[in-house]
1. I'm told Phe315 meets every condition in (1) assigned to a helix (DSSP H, G or I); (2) modelled with pLDDT of 95 or more; (3) open to solvent by 20 Å² or more (accessible area, probe 1.4 Å) except one. Can you identify the failing condition by its number?
2. Scan the stretch 433-445 residue by residue and report those that are within 17 Å of Val46 (Cβ to Cβ) and open to solvent by less than 70 Å² (accessible area, probe 1.4 Å).
3. Is at least one residue of the stretch 427-450 on the phi > 0 side of the Ramachandran plot and in contact (Cβ under 8 Å) with a residue 60 or more places away in the chain?
4. Take the residues in the stretch 318-347 that are surrounded by 19 or more Cβ atoms within 10 Å (Cβ to Cβ) and free of Cβ contacts under 8 Å to residues at least 60 places away in the same chain; name whichever of them is farthest from Ala4 (Cα to Cα).
5. Being within 17 Å of Ala440 (Cα to Cα) and surrounded by fewer than 24 Cβ atoms within 10 Å (Cβ to Cβ) is the filter; apply it to the stretch 212-221 and report the residue that is farthest from the ligand (Cβ to nearest atom).
6. In the stretch 383-406, which residue that is farther than 20 Å from Ala221 by Cβ and among the aliphatic types (A, V, I, L, M) is least open to solvent (accessible area, probe 1.4 Å)?
7. Within the stretch 74-92, can you find the residues that are in contact with a Ser or Thr (Cβ under 9 Å, 6 or more places away or on another chain) and open to solvent by less than 40 Å² (accessible area, probe 1.4 Å)?
8. Would you pick out the residues in the stretch 135-150 that are open to solvent by 90 Å² or more (accessible area, probe 1.4 Å) and under 14 Å from Phe116 (Cβ atoms)?
Amino acid sequence: MTKAREQWGTRIGFILAAAGSAVGLGNIWKYPHMAGEHGGAAFTLVYLFCIIIVGLPILLAEFAIGRKTQLNPVGAFWTLSGSKAWKWVGFLGVAAAFIILSFYSVVGGWTLKYSFLGLSGAFNELLPGSEAASQMYDAFIAKPFEPVLWHLIFMGLCILIIARGVKSGIERWSKILMPLLIVILVILVIRGVTLEGAAAGLEFLFKPKWGDLDAGGVVAALGHSFFTISLGMGAMITYGSYLTPKSDLIRSSLAIIVLDTAIALMAGIAIFTAVFAFGQDPAEGEGLIFVVLPTLFPQIPGGSFFAILFFFLLFLAALTSAVSILEVVTAYFIDEKGWDRVRATFLFGGVIAAVGAVAALSMSGYNILAPITNFTFFNLLNVVSYKYMLPIGGFLTAVFVLARWGIPQFIEELKYGLPGFKAPVAVVAAFFIVAAIVVAYIIIQEIVAVVS
Ligand code: TRP
């Protein structure tokens, strides 16, 4: 524990790493399919509203808690509160990290598989609206070994990056992969908007039809605003803990939120222009990316090239997010248990890989939950973390700032790196109260939905 704690090398390195965490499957896979199911532009507006009202205060709170304490989530809550009870909020985060990564890396494996399918020309014969693409997807998921193998490769890459540490692992790779991701996305957006019939897709995404937005859509938008900025499990506390006091938290947070939102919208543009240009159903659901898109690429001149780019983009986004989740677990064992980074990363990365393999198998007829329920183990991990653990973690973070740490102390922390910063305590407190109420609302809605 005598070694100096690691730190980010540059401000832009930190912003790209945190944006890399935020930009993930949530932006390119989840956001488009949810917007497709809940009325397009109306859903998007609610989601943007939630990002500002809930996302920004909680992101600032996580960064401030991390930078102030220079510790992982467990140590951070413990140190700042001086009470063992709050330490459990940190534990909830580490547990959520464990659970999320176990299924996230399974989907990460799919993105790798689909990149290779694109390379091999497997989509070339597919026709829009045909069953062949969904059969291809179902057949892959149902295989016992292949999805497990791709998942293990994906986890292996995460482990290798995290084992190298903050500056030469996370930061170095974020500085390479994030610009690459943006370039690929810009190419895909240009391809999308120049398709004949693209305008209908843009209209769907940007012209609100409020009638299509249901209560479920509002709750989904709230929940998604959490997931997409990686809030509620201490990932941003961990990344904030590698900052020096000189850094300006407010400008960095805004930059991260703008990048995350812009990338989600660009992914939406690239996808819906193609979906509408070929008259497909935007409300296809979770299969939108893996089932609908592969049938559209062959219709586009140079389509196999764009197919490879698209799935590789999805893979890059997933990888930079997955590393941030693994870092939460690793940081905990380094700070609290005094473990060596390489040992912590390989051991716990390995355990997560094993749990993930069980999750991947649960989708192919080897579901360990089969004797009790027909819910797959994969879905259990997904639902428990995404719907409950993250919102509860976010709610407790807001309550912590309001009731334990104190708004004046929080504002004091924001002033480092931005000396002239002034904010009335009442206004900041109001933001956190609103955020806490909104999050409590999501949690209650989710519980009501299960009970009824
Ligand atoms: N934000 C990522 C996405 O949009 C997922 C993610 C990474 C995440 N780290 C997280 C979600 C921490 C919640 C908490 O795909």
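1. Status for Phe315: all satisfied but (3).
2. Hits for the stretch 433-445 are Val434, Ala435, Val438, Val439, Ile442, Gln445.
3. no
4. Here the answer is Ala344.
5. Looking at the filtered set, the residue picked out is Ala215.
6. Among residues in the stretch 383-406 that are farther than 20 Å from Ala221 by Cβ and among the aliphatic types (A, V, I, L, M), the one least open to solvent (accessible area, probe 1.4 Å) is Val401.
7. Once the filter is applied, which keeps residues that are in contact with a Ser or Thr (Cβ under 9 Å, 6 or more places away or on another chain) and open to solvent by less than 40 Å² (accessible area, probe 1.4 Å), the stretch 74-92 yields Gly75, Ala76, Phe77, Leu80, Lys87, Val89.
8. Matches in the stretch 135-150: Leu149 only.
The values are calculated or read from the model by the stated rules, or taken from the named source; none is laboratory data. From a predicted model like this one, the values you see are computed outputs, not experimental measurements. Note that each Cβ is placed from the backbone with ideal geometry, even for glycine, and that neighbours are counted across all protein chains shown. All accessible areas refer to the heavy atoms of the entire protein, side chains included, with ligands and DNA or RNA removed. Shrake-Rupley method; radii C 1.70, N 1.55, O 1.52, S 1.80 Å.
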